Each structure stands twice: as C-alpha cells, then as structure tokens.
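Bear in mind these aren't lab numbers, they're just calculated from the coordinates by the rules spelled out. What you are looking at is a predicted structure, and each value in this text was computed from that prediction instead of being measured. With ideal geometry, Cβ positions are generated from the backbone for all residues, glycine too; neighbour counts draw on all protein chains shown.
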C-alpha cells in the first residue's frame, strides 16, 4: 500500500465509479446511471471517466498511515508500555488490579494519567475474560462504550467464581505474579511488572496465549480538551470533529505453538493470515476491521469489507488451537507480525515454542477480551460460541438454492423465471427481489406498475412451495409522504449528526436518514413494521434481505457514516460503527419473528455483520466479481466466517459484477452447491445467467450441481443443527477435521462439509482434472463413482463434468435421492444412507429432522438418530432427548436404500430387526442417473422408518 | 371452419370412450404412455424385461414398486423413484402430457386429470374438460388465425413478386433513363459552358472597352483619383467580410468544440458536456434538483455515449452550415454566441418561437441518433437553457411539440420512408416516358437553335439553356437517388418467397407504460419516451431461418453493451408487435406476429395437433 498524505487535498472530488451506486433510479429500460458522491460544496459529475475500467478505488479509503491511531500504534516499539499491576485482589469472583505508571519513572506522555482497572474472569470450558477500562471513580469525561447485546445472557451463568490466587515469581521478576485456575491443566497468570496476562499449561508451564508480552499495550485515556488541542481529523473532503479526542487502544497478543493464525473476517484473503509486518515484508497494511461498502473489492487484500469479527484463531501441530476475541465495535486494525519482527528488542521470551505475535489497534471502546484455550479446533469455536452464541437454526427452505438478480423486474418476469426452473426440472426454493421492486426505494412498498399484485405473486410461488425474499435497507428516504420517514423523524428515531440534527446522507433513494438501531425501543418499532398489516403486500412466505447496512452512505467518508454522528445514549458512531449493521439485522430478524408470533424461524440475509450475527441470520460476501480469482477467494472467505461463528454464509454464485464465462459459472455452481448459503445473484448490467441459458450441456451440469445439493440436504440440515447446538460450522477448513495433518493447515481450496465430505473446487479454466490432497489415515470414496482413494497424498482426479468430492471412510451420510421442485415437496420422500466403512469395517453418521420451520424443535419435536455400522450390522440409535408432552415430531419417512462403500464381503440379503424381515442386497448405482453403472453394494428397500429404532444385519 | 369444429367435438367424445377401455389395464401401468404399453406387456408374458437403456432387467413386481431399478426410470413410470423418469397423464378431454417423475405425488396437481397425485395426500380436481375446452378454443382460434394468415401470406407473396418485379423494372428503366439523361446533361453542360465561355469573352471584351473608356475619362478627370482609391478599398474590405462568413459556416462540430473551448467560467455550455451539469448542481443542490439532475445526467450520458463509438465527423458540421444558411447573420451570431452566454439564447427563444421549437425538435434528433436525420433538417444549436427548458417545462408542452412532430404516432403502424415516398411521387412524372421524349426534344432543339458562336449571346436562350441544364441535372440526381434507394431495398433479404417484402417501409409500435417501442423491419428499432428516443438497434438480419429479426448496434449502454433487439416472429393475421421486454440489460426482446410466418405446412401440423387432442 502506498502511503498517501494525510493532509486534505486542495480540491476534494470524490468519484465513485460504481454502477451499483449509480443506478439508484434504475428503471426497466432506460439506462439510468447516476453517479452520486459529493464533497461539501456540491456534486461533481465526471461522466467522461465512467467508461473506463472500474475497480477498487483504494484512494477513497483510509490506509493505516492516514488513520492517526493506527499510525501511532504501529510505530511504537516493544517495551513501550510501562504500566504495572498493583492492588491485586479477588473481588466478586474476579481477579482485579490497578494498572498504574510507576512514580519514579513517569512516562512522558501519560504522566498525568489515571490508573486503569483490569479484571480477569474465568468461565466454564477454558475461557478467560480480561477487561481493562478507565476507573469510573476517577470521573472520566465520558463513559467509554461497551458493546451491549452481543454476549449471550447464558454466558454469565458459566462464570467460575474465583476464590483465591497463588503468587509466583516469574523469570526472575522483581514483583510477584498472580496465578488463578482456568481449566483442567490450564492457569491464567497476571504478571504485574512488566505487565503481562497469559494463559499457560499447568504442568509444563508453557504459554498458550499472552497479552502484552512485548509491552505494546497503550490506552489513550479520555481527557478534557486543552487549549491548542486540535482533535479534528480530515480525510478527503470530510472532517471528523472528534469532540472527545484520542481514545484509542492497542496491544500485542501472542499465540504460542501456532503455525498459522486464522479468522478476523471480513477480508478477501487466504485462510491463513499472512504476516503484514516484519522482516522482508514490503509496505503492507494491517488487516482492517471496519465495515465498508467497498465497490469491486479485489481478491487479495487486507482491506476491510462489509463485516467485522475481531476473533482470531491459531493452530499448530504440537499445541493445537487457541483463540482470542476482542469485543469492540470501533474501527480495528490488526497486524500479524512476521517472525523476527521483534529482533531488535531485548525481550526474552520462551523460545522453544513456535509463536505468532499480533498487534491489535482500535480507535475507541474498552478492552474486553476473551482467551480461548482450545486445545482442539472444535473446542475453540465452541468456546467462542458460548460467548457470542451459536448460529440460528435455519428453515429448511433456506438451505436450498436461491435465485436472485438485480432485478427480477416485474411480476411477469418472476413468473417466467419460476416456470423456467420447472421447465428445466431444476429445483430452487427462493426467488429474490432487489431494490427495484420498491416504490422509489421506499422499503416496505411495491412499485405499483411492476408489482401490482405482490400477494398474489407470492401465493402463486408458495403454491409450488417457493418463498420470496425482498430487500429492506436501513437508509430511509427523506420524503414527508413516506410513512416510515414520517414516523422515524417525528419520533426522533434517526441517527443524529454531530450537531444533533437528523443525519442526512445519500443512498439509493437520494437524501436519506438512518434508523438508530442501537436503541431497543427503535428496534422494536422497526420490528413491528414487518407485521402483515404494516408491510402491505407481504405474506407468510416472504422473507427479508438487509443490504447496505455497514451502513453504506454514498456521500459519507469512506462511503459510510461520519464517525462523529451520534447514536442513542450519546454513543459516537466511531464507537459502534462495526455493530451498526448487526443491530439492524437483529431488528429485522425480530420483526419476522414477531409477525408470526415467534414460531416461524426468521430468514434475513445481511451484508454487514459482527460477532453475534449468527444468531440472527445469514450473510454473504457482498459484491464480488465474476472472475476465477473471486471464485477461488470465496472459499477461504466463507470458511473464515464459519470459523468465527457465522456458518450460514455464501458468495454470489457467478460473481455479482461482470459476466462470467460459462465455464466459470458452471464451476461456481459446482463449488457453491457445497457451501452453506447457495444463491445466484447478478448486477443489473450483466447478462441474464439463469442456469438454462447456456446450452443443454451446461444446463445439465448446473442442474446436476443444484440437484446434488438437494440430495444432500438431509446431511446439510443435520450439520446446521450441529452448528446450532455447538457452534461447529457446516463447512470447515480441513485442519479442523484433521488437526494433526500438517498438510491441511493452509489448504483453503478444499474444505469439509461436516466430517464426512471433502470438496475440492476447480478454480481454473479448461481443467480436465484436479489435484486434491486427501488427508492421511483415511480412505476416500469418490462421491460419484465410489472409487476408493488412499489418503495422505495428492490425487489427480478427473474433473471435467464435476468437481471432486469424496466421502471419508468411517462416515454415514443421509441423502434424499428423489428430485423435486423445492424442499417442500421432499418432506415425505424416503432416505438413502451411504455408508463408507473404515479399515475396521465401521462407520457412523447422524440424521436430524424436524418440521423445518418452527421452534417446536426447541421443545423436543425433532428426530435425531445416530447410525452406527459395525460388524456387518447397521443400528439406528436415538439421540433425541425425550420430548415434552404433545410436541413429538412424527415422520413416516423410510429408508429406501442403503449403500455400502468399502465393505469387504458380498452379502446376499439383510435381516431387519425388530420387524424380522429380510431385504435384498444387490449391486446398484451410487448415484441414479441415466446410464449409471451398477457397482456398489445396495440394500434394496429396507423400508425402515427413520423415527424408529432398528438394526439391519448383513447376511 | 365449421366442419372442423364439428368433427373436433365428435373426436372428443369418442376419445372419452376409448379412455374407458384403457382404464381396464393393470393398475401398475400407471404413468405409462400408450405407445409403451406394448413394451410393458413383456412383463406379463416373460416375467422380466430389460430396462430400456439395457442397464438391468426387472420383474413384474419391480414395476412401479417405488424403487428405482432402471437408471433410465423404465421400471418406475408411475412413481417418483427414478429421477430421470417420465410420468404420462392421459388427461382425457385434454392433451395427454408427459411430466417429470419429480412431479409425482409431490402435493401439486400437474396433470389436469390429477393422475400424478394418487397417494391421497391431496385431492386434485379433474380439470381436463374445462382446460381442454379452453385449449381447444385457443387452438381453434390459432387455426383460424393461421388459415387467415396463410391466405394473407399467399397474397403477400404474390404481391411481393409483382412489386419486386415492378421495382426491378423501375430500376432498370431508371437506369436506362439515367444513361440517357446523363448524356443530355453532359450535352447541356457542354453547351452551357460554351455559352458561358462566349459570355465571358463578351464580358472581357466589354470590360476592355470599358477600361479604355475609363482610361479616357481618367485622363480627363485627374483630380478625382484619390477618391477612387477609397472606393477600391471599400470593395476589398467587403470581400474579406464575406470570407469571414464562410469561416463561420465551416465551424467544426459545434457542441463538441465548445466543450473544449475556453469557456467563460460559470457559464454552462453545450448540452452534452458533463461538466456543465455540475455547474448546475453547484448552483442549487437541493434534493429535488439533484434528483432531476440525476435523471438529466442519465440522459446526457446517453447522449454522450452515442457519440462514443464514432462521432460521425462532419455531420454536425453540415448541420451548422445548414443552419447558418437558413439563419440571418444576426441570428447566427446570437446562436453561436448563446453557447457562451446562455442568456441570449433565451431571449432569442422568446423572440423567435419557431427557432425555439426547432431546438426542441433537435433534442429528439440528438437522442435518436440517425433515426430522423434524413427527415429533419438537422439543427444543432442546443444550449444549456434549452435543456433547462426541457427539464422545467410542463410535459404537456412537450406533448404538444411531439404531437405536432409525429402526428401519426398514435397509430400502431406507419411508414417510415417518407423520403422514399416523396421521391416516388416526384418520379411519378419523370417516369412518364413522354417526359423523357419531351426533354430530349427540347435539348435537341436547344442544341440546334443556340449558336454558341453567335455574338452577342442571346441572353434569353442562354437563360433557357441554363434552366434546362439545372432541370435536367436535378432530375438526374433524383433518379440517381431513387436508383440507390431501390437498389438498397432490393438488396434486402425478404425471405425465401419474399414474404417479408410487405414489411419494408413500415413501422410497428407498441406502448408499454411510458414508452413507445417502434420496430421498423429492415431499418431500425427504437424506444421513445416523451421527447427522447433511444435507439435499440439497426436492422441486422433474420435469424433462425426467418423466425427471428435481429436489430443490433443501437445506442450504447452506460457501462454495458450496445443495445440490441431480438424480435421473435409468430404467425398472425395482422402484423403486430407485442411482449416487448428487456430480459438482460439493454438486450431487448419482442414478439411480432405476421402472416409471413403462417406456413401452410405448419397449419397442417396444427390441424393434426388439434385432432390429436381428440383421441
């Protein structure tokens, strides 16, 4: 990144060459290109530039050097921090201390600073929470912002009340360190001078995670403005008044025994986070966490995108996995420091452990951090989920295929697209309408000409089991005749500008204001807007899409809201920026919950996200581009989201901007079919790209990809339930399943769906085959042919018509092989079980079923089975806890086919108990398709019910 | 037609009877098409048969046992077990249907007889009779239309043959005339030149004499010499003035030039400059204005991009010089000056409403690319104020303007080649052979009568020669232009039987919301909204063996392709455009019914199909 001068330029002409922005008044056939961006003097339009190749405009966004707190923090040298911990006590089950600057060596900058309060709390399952804030008894000018509504309420109940600490002298320190219990075999240590907080293994004493081991901790305390203080910050044409002055926080965090670090979405980068600073690293930016509507983001950049989750994981072969989460909603910048970055400092750290150091910098807020000890990958995600929640259980329909485009123009268009799916026998579940369906970008309204009968349209779709999704964004058109605006302005529900007036920005509808969703009362008001009586033209089959909720403000600094805008409770926008979209998403989701009396699971797709978003809905990776690189990067982006709690995520299939080559589109469908959220979407300047538009052969390939997804829905749904219970994501990086196989640690072109399927994408043109690494100690069965491959090496797999997918030995995967129009019609279809035995001839798998839409499952109305295959016998075991009275979920579904892969003997029949009948065993195809060869052992029509206990013994 | 209907109903009744007997077959035969019944009979006789794809054999008990044994679905014609299978609904009273096996027992009634939903989860009404009736009526109408269309088509084809022959005859005649006329014009030209030479000679002679006379006078009046010098100077200065005029006429493309020119700051200039819009905004950034601005900007960007591909050098230049010719010097000065000053143009508008209207017309022209250029005498004095005027004016005003311009727009069809038509009428008298004879005689007479060597030249005769020459060469150029338009016309592909000939020179329109779409086969297609026209494409070609018309290379879309229109053709007794749509950005689609597509062979198949439903 080149560093640009911080000084404002003499002329500020901001041009967003963004067709997405430009078409806010897009109409069905006249081209409406509007470039909207203004400096304070007015609007500048330079249309002559518009035809040039457009791409990410990095100069429109601040880099670290243009961001004073980042620049300051980044330039600090190790051992900058001279705070020490004093007054260490146990209070209310916490270990607390005061952090002070020793008198004899007053720091030149902070000589007048007040003590800070540090507290350490311990929670079940190996979680250490560390908070550092200003001392309220010292009456700081303003209470610093702590993000509410993110930590789940149950978390507090998991707190372990500390009773005692032990003192210990570490590394010959002059002062004591204080040691408290954390988890079996783990301790938390507060080292008072030099200040360090770390987690260590009890017996070996090896560090796991450490805070401030390099002394980079810095906490800018709020102070009263003195004469001559210039707190304003300028960027391009924008001025941030910064009435509270500098208040940033930064510190270093070390991950021991780490080979790689992962997480901190959202960035379009590799799964493993490359170092951003250190020897041999050219000018590079830190990973930025600042929710931004970045036009045409590039596929390899540490720049901030639509959402932010300040949660990092580390993994190493010897130590395992650790995690660190900083709950803070202000702009954050994170450096991953390359090894040797601290060579010049004299710090002595244990050198027998691999270590990755990181530098965390935030503009505001407090230190509220969580250390997760792991040690297994799934432990860490579970620990994180216990703080921020697991992902919501989606409705079954939402796990199917979604068809979107900006825009399906009118009711006839909708009808046509819908009927084409049937004509081509391609299943899909949801048809989406983008902004043009509204009356002038007034959300909750319909364009009267294009959509005169929205209810009828939805009912027609629903008659074939299909849903519709409409878009609702947070910017509200400032139009006195628009009821939302009228109420919001009357009730003072808008975010205010620095002067206290309703903030007036520019987005699709033109001049707009933004609902202040931080206020629970306003969220509740907003939620009511989704009632059928309020959102006219909505029906129970209509769900919602929240876009632009970073928030995107076309004429704001960095296309977002000014940092000095004010929210409810006198919170500055800078303090909660990254959570704005989260609150909006939350309110919308609550709205869908409310409209059906709380028993219909909401479906809300959001572009912006924050820790906790997983509880409210789905996210996607925003406005990507139709290139092979973007297909490639979508996989690590989605895997990273899964690692950091948001498992229900996806990327626009085909790429939003631009026209994908047919081959790219097909490959995109093939990969995306295995990713959690599966939606085709396209910019309105692009050609139509519905799956039937590219010739019969390509239609077949895309249909095939979508159908495979549908056959696997029972498996996906079971995995969504697993994620809902535990926080373990549906799609996982290989290392999560194979934490001891080093070859998997930085593999992000293949991924696991659950523990059973390995998917290798194809990301290049004209590929006839693909090379795939199959993890060691397992046999892998090709999903299509059943061919067995040995793990532990690279395999070259034929891939001209499909991407390589394998079932791992030792797993059982449930499928529904009958093809239907949508998930609704699949409800009563019978199952197929595919058993891939391991070297011991054993396999296991699960199946979870419920009504697919309500919350009855929370009362026990579900079926959860474990299938265990061992000694030639398949047994179905109940995993469900007994349901409360009257809430049983019943299903007549049976198992019509059981396929055995890797079974050595050749049985002729199978004996089924307790019904005491026999089923034939024969050779059948693995996948039923025309011309399929019969080659795998198949138990024909066992016809046992999925809800029952039974066993099937091969004879 | 009556006979058709009657036999039709008869068939329907008999088909119901046939069905009753078909039901007697085994119930496992559900979903089997009649032509396959024979195949499944093998099960009763031999016990097992092969799947159609030969992948396996299956037994009678495996037929429709809800388990897929044949990967091609042949053992499960009546269930959803095989993904690739097809289910046959008999649909008595309506058309039989083969549906995807995925539709069987999925809770949605797909067959009108409800036979695809037999597991009792839902009950489907048998709607075949009603649906069949509707379908039959539709089919009957379709057949009627088709028959009508076939007749019209036959007529059109015959007519086209005649007309093409006529055109060809005219063309060859015109070529012949052109030859003759060329000769005459040449002769007249020579004669004219001779006369002019003689006149020149005479003039020089005269001048000489006059000079001598003058010299004589000069000698006598010596003191007046100085004064005369002044006169000469005056004459000279006059001459240079007219040269200046010429330069103004030759001014390069005005709008473009002015944009780049050293403009007065703060003064808005030519309409298709983007910068001027900004100035506009700086003046007033209120919401409404911005909105307006947004739209306006779109328009102007449209305009701007029109010039993108190849700005057609010279066309504007011509306009300007034409303008200059039709304007007084003062008007021209104002018009050009107004590009810098803006204000004065407004005054001028007030003073001269006619000019203002012309300006309005001109905007249409701007956006419609070449569409009207042939008809309109181009006029390129668009100013910022004019634009403002458009923005702020009541739409009614525009409607008036537009209405006045395109009076016949309301009709859904009109002829476009008004130039062609005019030529035709003009040619009507030229095509009278007596005319040619007459002119030949006249010329001969002249050539005989006028003696170029006669001095002094007979002025009345030289006038006549000149007039004759002008007439003849005027007529020649008309003939030539007619020849070129005829050649162009005959160069088009009118279909294998020239069945599309009758569409030549016609335009078809459809109103869709606020737009009027115009489709002019062999010429162009456009979308008109109020006063602005967007060019959707030039005539490209027929495609898919005359089932599709392609119009391509229309106005460029911002950040997108050049607009194009695909017109799908369908048989109809009338030529009508319908179903205009924009499935992808700037790629339009429409439907055009025309008798040209009503092929007799297709009618037969329809007839056959009609009968098929009765079985």
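Structure values in brief
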{"quantity": "Difference of contour (0.36 nm per residue) and Cα-Cα distance, residue A:868 to residue A:448", "calculated": "145.5 nm"}
{"quantity": "Computed E for residue A:224/residue A:491 - FRET, C-beta separation, R0 25 angstrom, nearest 0.05", "calculated": "0.15"}
{"quantity": "Approximate spin-label separation residue A:124-residue A:274, in nm, with each point projected 7 Å along Cα-to-Cβ", "calculated": "4.3 nm"}
{"quantity": "Convex hull of Cα atoms in segment B:132-189, direction-averaged projection (nm²)", "calculated": "5.3 nm²"}
{"quantity": "Relative counts (whole %) of C-alpha pair distances in segment A:776-855, using bins that are 10 Å wide", "calculated": "15, 37, 31, 16, 2"}
{"quantity": "Largest-first ellipsoid semi-axes for segment A:270-362, taking √(5λ) over the Cα gyration tensor eigenvalues, angstrom", "calculated": "25, 16, 13"}
{"quantity": "Convex hull per residue volume in Å³, alpha carbons only, for segment A:443-492", "calculated": "97 Å³"}
{"quantity": "Separation of the residue A:904 and residue B:467 label points, Cα + 7 Å toward Cβ, nm", "calculated": "11.9 nm"}
{"quantity": "Distance from segment A:453-510 to segment B:475-538 (C-alpha centre basis), Å", "calculated": "46 Å"}
{"quantity": "Isotropically averaged projected area of segment A:858-955, using the convex hull of Cα atoms (one quarter of hull area), nm²", "calculated": "7.5 nm²"}
{"quantity": "Compactness of chain A as Cα Rg over 2.2 N^0.38 Å, two decimals", "calculated": "0.95"}
{"quantity": "Gain on full stretching of the segment that runs from residue A:725 to residue A:840 - 0.36 nm per residue minus C-alpha separation", "calculated": "38.4 nm"}
{"quantity": "Pairwise FRET efficiency - residue A:298 versus residue A:688, Cβ, R0 = 22 Å, nearest 0.05", "calculated": "0.25"}
{"quantity": "Label-point separation in nm, residue A:879 to residue A:100, each point 7 Å along Cα→Cβ", "calculated": "5.5 nm"}
{"quantity": "Principal axis dimensions, largest first and in whole angstrom, of segment B:16-156 by Cα", "calculated": "60, 35, 29"}
{"quantity": "Estimated FRET transfer efficiency when R0 is 22 angstrom, pair residue B:33-residue A:423 (beta carbons, to 0.05)", "calculated": "0.65"}
{"quantity": "Length released on extending from residue A:785 to residue A:463, taking residue separation times 0.36 nm less the Cα-Cα span", "calculated": "112.2 nm"}
{"quantity": "Between segment A:760-774 and segment B:138-178, the alpha-carbon center distance in angstrom", "calculated": "59 Å"}
